[in-house]
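Written below as structure tokens is the structure these notes are about.
The values are calculated or read from the model by the stated rules, or taken from the named source; none is laboratory data. All of these numbers come straight from a predicted model, not from anything done at the bench. FYI the Cβ positions are ideal-geometry reconstructions off the backbone, even for glycines, and counts take in every protein chain you see.
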Amino acid sequence: MAFTPQNLTNFWENGPQMRLTADQRARLAQEGLTTIDDFSDFNEDTLDDAFKNMKRSEPAIAEVRDAANTVITAAVPAIRGEPLQAIQKYRIHTARIAHEYLTTVARPVTPQTMNFNGCLKDFRIEFDAIMKLKEQKAPDMPSITRELQVMQWQPAFVNYLGSVFGVRDIPLAYVIRGNVNVKPAVDDPLVANKLYGTSGSILEDLINRCSHTHPLFKTDNQSVYKLLETATKGTQYATTVTTFSRTKNGRSAYLAIVTSHIGGDKWDKQVETNVDIIMNREWNGKSYKLEKFCNQHRQAHAKLADAKAHGADVPDFNDVSKVKYLTQNITHQDGDLRAAIALIRTSTTGLKSDFEGAIRTLLPVDPFKPRGGMKRKGYEISAVEGGGGHKTSANKTSYGTGKTGVELCFHKPKEYSKLNDEQKEELRKWRQSSEGQAAVRIEKARKNGGGNRTLKKHEWSAINALVELNAKKTDKKDDNSDATGESDDDNKKVTAAALKVKKIMKRTRFSDNA
């Protein structure tokens, strides 16, 4: 419906619309803005210039006549300044943006679509949100890798282009949309009181309906080509893209990848694989958590949706069947889990047709437990029959108590600072002994994740023997023993015991660098 003179008067002068006075409207017309179509000659800056000009007054200019009383220059009436209020400026700017948008998406500009309270008010809110989105940093671009194969990359790349804006302030996804030609507006009518159709938003309408014949489309198309070059670099798909290197035709390069490498047979294979996951893969709770099994079903349904969108023949898994296959393939017989499954199947609150609700019911009773409990890191230094180190209440390994009462073990700095000088000296001497050095190596290896097995009983016996021999040797020194022969014999025993411990350390990956 075209604007009649009355429609124009209502648009410019009515309170719910632009709310100009007749004088303001006349002054704006002097700046070149009279009809709705005149908005096509203005952008944000030129409109602001017009508003500035409207504030200025111009004095009258008298006519000029010659000697024969002939008018040489006609009189120019005075121009009175007509400044606009902030709300008037805001509404006129909004109308200009809406006019540009409607023209861009090939929708009619009518008194209804240009009604401020009816359409433009909500439009401006959504448009401002889009501009804020444009200013945000774009997410990382997905590239084809071993982890992200081309079939999974393609929808990720489309989503990425939906968040990257080109020179037309439109997401670059419009460049690679399926159809170049835009639906006639009559086949895609506007939602009531909105400026978008079945797409559901201003942003989606921009992607779905922007023309590929616009002078700036070529620039956006080249931007898509550069992104594809980066996304396929170092892969077998790069040669498909470089075919279009001369023209930098991003749309054609993208369609070539889809046609050549994401054909129907590949989607059919994806359907087959994911249908098998949904219908046949069982979970017995022995290898991984129930949450992982539920995520496998989620991902399988999502991949089937992708395949369907690409024209593949996909079985119809409705809400009931999704829950049915999820629960019937859980074979673990834990009582709480079976009770949860029974609750889902007999629910009167809709759980048997609520896939996510069913998952929320199942996960709290997941009976999965890792085999053998938590994995060990390094050696388990624990008590062994026949003596040896033992665990203290502080979960550390002790090798006995010294004469000063100091615990012979590894002390944390805070613990060490509480020892008196005699205890520190005894601890220092113990750590320098063969026994102490072996203990330090064990503790360091345990703390650093060294080794991969528990010491055997005979190995502990060898370590204990060294501990006892060192203790006897120390006792004899304290008794001032003069039995030289006996002392030599003790030294030989200590040396032999130390050699055994050294071999154990080497065999079990304990080392000086542990």
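Structure notes:
- Among the residues making up segment 207-225, a single one is over 20 Å from Ile130 (Cα atoms) and of a type in the set (Lys, Arg): Lys218.
- Hey, Tyr160 surrounded by 19 or more Cβ atoms within 10 Å (Cβ to Cβ) and either touching a Gly at 6+ places or on another chain (Cβ under 9 Å) or not in a helix (DSSP H, G or I) (or both) or not: no
- Residues that are assigned to a loop (DSSP other than H, G, I, E, B), on the phi < 0 side of the Ramachandran plot and surrounded by 13 or more Cβ atoms within 10 Å (Cβ to Cβ), drawn from segment 1-20: Phe3, Asn14, Gln17, Met18, Leu20
- Of all residues in segment 416-444 being of a type in the set (S, T, N, Q) and assigned to a helix (DSSP H, G or I), the one that is modelled with the lowest pLDDT: Ser434
- The test for being in a helix (DSSP H, G or I), assigned by TED's automatic domain parsing to the domain that holds Ser353 and modelled with pLDDT under 95 holds for Lys303.
- Taken together, Thr259, Thr361, Thr327 contain a single residue that is outside any loop (DSSP other than H, G, I, E, B), within 30 Å of Thr240 (Cβ to Cβ) and of a type in the set (Ser, Thr, Tyr), which is Thr259.
- Scan of segment 100-131 for residues that are out of contact with any helix residue (DSSP H, G or I) (no Cβ under 9 Å at 6 or more places or on another chain) and among the acidic types (Asp, Glu), ordered by number: Asp122, Asp128
- Number of positions in segment 189-216 that are over 15 Å from Tyr101 (Cβ atoms), in contact (Cβ under 8 Å) with a residue 12 or more places away in the chain and in contact with a Gly (Cβ under 9 Å, 6 or more places away or on another chain): 2
- Residue count, segment 328-363 (criterion: farther than 19 Å from Gln296 by Cβ and under 33 Å from the mean Cα position of the chain (by Cα)): 4
- Residues that are surrounded by 13 or more Cβ atoms within 10 Å (Cβ to Cβ) and not in a helix (DSSP H, G or I), drawn from segment 267-283: Arg281, Trp283
- Among the residues making up segment 236-256, those that are more than 29 Å from the chain's Cα centre (by Cα), assigned to a loop (DSSP other than H, G, I, E, B) and either of a type in the set (Ser, Thr, Tyr) or buried (at least 17 other Cβ atoms within 10 Å of the Cβ) (or both) are Thr243, Phe244, Ser245, Thr247, Lys248, Asn249.
- Cross-chain or 6+ apart pairs with Cβ under 6 Å, segment 30-47 first and without any contact (Cβ under 8 Å) to a residue 40 or more places away in the chain, then part of a helix (DSSP H, G or I) and of a type in the set (A, V, I, L, M): Glu31/Ala50
- From the options Thr94, Thr113, Thr145, residue that is of a type in the set (Val, Ile, Thr), in a helix (DSSP H, G or I) and either in contact with a His (Cβ under 8 Å, 6 or more places away or on another chain) or surrounded by 11 or more Cβ atoms within 10 Å (Cβ to Cβ) (or both): Thr94
- Being in contact (Cβ under 8 Å) with a residue 60 or more places away in the chain and among the basic types (Lys, Arg) holds for only one residue in Arg146, Arg107, and it is Arg107.
- Meets criteria (of a type in the set (A, V, I, L, M) and outside the structural domain of Tyr325 (by TED's automatic domain parsing)) for Val224: yes
- Any hit, segment 286-300, residues being assigned to a helix (DSSP H, G or I) and more than 24 Å from Ala358 (Cα to Cα): no
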